[in-house]
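Have a look at the structure below before the remarks.
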Amino acid sequence: MSGKTIWFTGLSGSGKSTLGNALKAIFDERGYPAVFLDGDVLRSGLNRDLGFSPLDRAENIRRAGEVAKMLNDLGNIIFAAFITPLESIRTAVRSIFKPEEFVEVYLHCPLSVCEARDPKGLYANARKGLIPEFTGISSPFQIPEHADLIIDTDRYSLGQSVEMALDFLENRFPEFRNVTHKKLKRHLRQRKVAVIGLDCAPPSIIFDESIDLPNLRSLARHGVWGPLRSTDPPITVPAWTTITTGRDPGELGLYGFRNRLNRDRYSLVTVNSTHVRFPRVWDHLETHGKRCVLIGIPQTFPAGSHSGVTISGFPAVEDAPDFTFPTDLLNGLPCLGNAGYVADIKDFRALQKDSLLSALYSMVDVRFKVARELLLKDPWDFFMMVEIAPDRLQHAFWGDYDRSHPSAEPDSRWKKVIPDFYKYLDLKIGEILGLLDDETTVIAISDHGAKSSTGGVCVNEWLIKKGLLTLNESPRQETRLTEEMIDWDKTYVWSEGGYYARIFMNVQGREPRGIIKSRDYEAFRDNLRDQLVSMPELNGERSTNVVLKPEELYRTVNGVAPDLIVYLDGLNKRSIGNVGLNSLVVKGNVGGLDSCNHDHDGIFIATRLHDLRRGLKVNRNISLASCTDVVPTIFSEYGFKCPEDIRGNVITLGAEDVIMTANLEVEKPVLVVSNSNREGRGFTKEEEEIVKKRLVDLGYI
């Protein structure tokens, strides 16, 4: 077979390298000699003597064309990715080749989309004047007049673009036709993953056959299902961030909604998207041209630019301009009408139960309307939404639902609220499923489960009683413990409350005013752990606590981790960080202690819709799945190799375990800020206070 050259032209970020590499992978598998020529590679080697003047740019392309011609004449198939901005230069390149061995492919993509993708940060630097004569910004790009094929890469996914290119090349060059790869092409074009997150959904409800959830039940029968082990600690952040990165909380350096950023201060700050230091699953997918739709995923505020759309999840500030990407996203959705989109219920504790339930139904209705419209509006490859309503519902109504709870009332008018709400959620999920094609893998998942909470333990009051925590003066009423209230020169230990207790030790040379000698640290910590396990001082309340060391939990420990993690009475009791309660065990507090706490097991259901729609009942129950397994499983569904340092396992799905796509390999990630927020904006002071109040209302701090 004679050589061929396929020359890709288009703006930086239009997808030339991505598409060229994908096609090369397919031709490699077909046994054809294929070569990928990249402009950046030539610039760093053969053409490193050239600058970016008009003459040097023309010479850069001329040399690239000559290299392609030499390889072409040796019988290779060349996929060449060069911006080639001027028609005169493209004409010169075409003249090097015989007409029957050259194809020009123009990847059309609006400048705004290319700039939003900006995978190398080039547009940002060009806008700042750091890159002179940058094509599309300060140097022109002329629309090709004689392109053999035009692909709109802002409208079509990588799989669709590959399919279009393959069909064209096989028609143009009949010797490329290979019927054995039709199945490969079909899956490359259509493969999608849709993740539907139900925050706090427990196995005890989702897998209860007495609760009528036909859509979730159908997904389970035709796929795999079972409990999903949450993170330690089992709370929204860091659990969803582990689910979307494949990294445990120690690797992430995220131990709750609020974290100590460094040891210069004792206080904590509320985390946001800028604190996620590893790529999320959509960052990996978008490096391979996938388009992603993201709705309500926790710790995605502020929303950053990417190939797709984002509506931020909790904790977020809805009226901030970067609550969504693009910033005007919600303004252009007809489905909203006069309804407002909310990330979470405001004033959660202040609402009466009737009003709260109405607000929860309204929030779910709006969120799923938006999800349906975004699924229909534009092409997409990866979809993920998280509905936080189940968590809020259970914190308000669990005592009415769980008949074994000490406060349960047999005749409560609210006893059917939770099952009925899940039936409504199942109906909404069914509406989403109706929009998905057969080549979509659906994953229904929760970050943790739920269980009864029988009260709270005032850990800081216990530390005061033990002489380990000293305040400057005793508060006259219950109040939140702050850094300024503590006499650090007399304090050995303090705790942050929430669903679990974070125990911090005041160590010399490590903390600003530490008093525990570093040589005594381990002995002191072991002794404190032993005391925390039993806590015999709890006024006769029997409580066996689980006390864990971070280095025993996590593969590595980043950030400022607590010295000890404490699950009080096996998470049957909450940790109360406030002081001034004059009691060690309480049934309620000013924060509105409720009847529900988080449990370790969430839910996992994954189904390939072509299995469901052809009636194949896989119905495989799994028992050892973990939050760290979700990213490897998603990668596997696309046929991508998982980065070597993500330790999770692939959960095998369907009746067959086959690689669905070309052998595209996700690069090994480095410790960098996620693509989700390249600008690095965090909470303003005003936003921090808004979010902190919501966290207090919800009992998280």
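Values in this text are rule-based calculations from the coordinates and carry no lab data. None of these values were measured; they are calculated from a predicted model. No Cβ is skipped: glycine too gets one built from the backbone with ideal geometry, and neighbour counts run over all protein chains shown.
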**Message:** Taking the alpha-carbon distance from Lys353 and a cut-off under 14 Å, which aspartates and glutamates remain once sequence neighbours fewer than 8 residues away in the same chain are dropped?
**Reply:** Asp400, Asp594
**Request:** For the range 456-593, would you read off the P(r) tail past 23 Å as a percentage of all alpha carbon pairs?
**Result:** 31
**Request:** Please report Tyr32, Tyr554 as a ranked list, fewest other C-beta atoms within 10 angstrom at the top and most at the bottom.
**Result:** Tyr32, Tyr554
**Request:** Give me the distance in nm between label points sitting 7 Å out from Cα along the Cα-to-Cβ direction at Glu175 and Leu436, one decimal.
**Result:** 4.4
**Asked** Gap in Å between the Cα centre of the range 11-81 and the Cα centre of the range 335-362?
**Response** 55
**Request:** Two decimals is fine: what is log10 I(q)/I(0) at q = 0.05, 0.08, 0.12 Å⁻¹ for the chain, from a Debye sum with one equal scatterer on every Cα and no solvent?
**Result:** -0.28, -0.68, -1.28
**Of Lys192/Lys617; Lys69/Lys377; Lys16/Lys128; Lys415/Lys573; Lys369/Lys587, pairs whose Cα-Cα distance is over 32 Å** = Lys69/Lys377; Lys369/Lys587
**Asked** For the range 322-450, what number results from the quotient of the Cα radius of gyration and 2.2 N^0.38 Å?
**Response** 1.20
**Complete:** Of the convex hull drawn through the C-alpha atoms of the range 175-322, the volume per residue in Å³ is 181
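Counting helices only, and only those DSSP H runs with n ≥ 4, report the 222 nm mean residue ellipticity of the chain as the sum of -39,500 (n - 2.57) divided by its residues, in deg cm²/dmol to the nearest 500. List each step's numbers first, then the result.
Working: 22 runs with 227 residues, N = 701.
Rounded to the nearest 500, the figure is -9500 deg cm²/dmol.
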**Asked** How far is helix 389-401 tilted off the main Cα axis of the chain, in degrees rounded to 10, range 0 to 90?
**Response** 30
**Cα-based Rg and Dmax for the range 387-507, where Dmax is the largest Cα-Cα distance (Å)** = 21.9, 65
**Message:** Considering just Cα atoms, how many Å³ per residue does the convex hull of the range 1-72 enclose?
**Reply:** 92
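Kirkwood hydrodynamic radius of the range 268-366 from all distinct Cα pairs, in Å? All intermediate terms of the calculation are to be shown ahead of the outcome.
On the way: mean 1/r = 0.0671 Å⁻¹.
Evaluated over the range 268-366, this radius sits at 14.9 Å.
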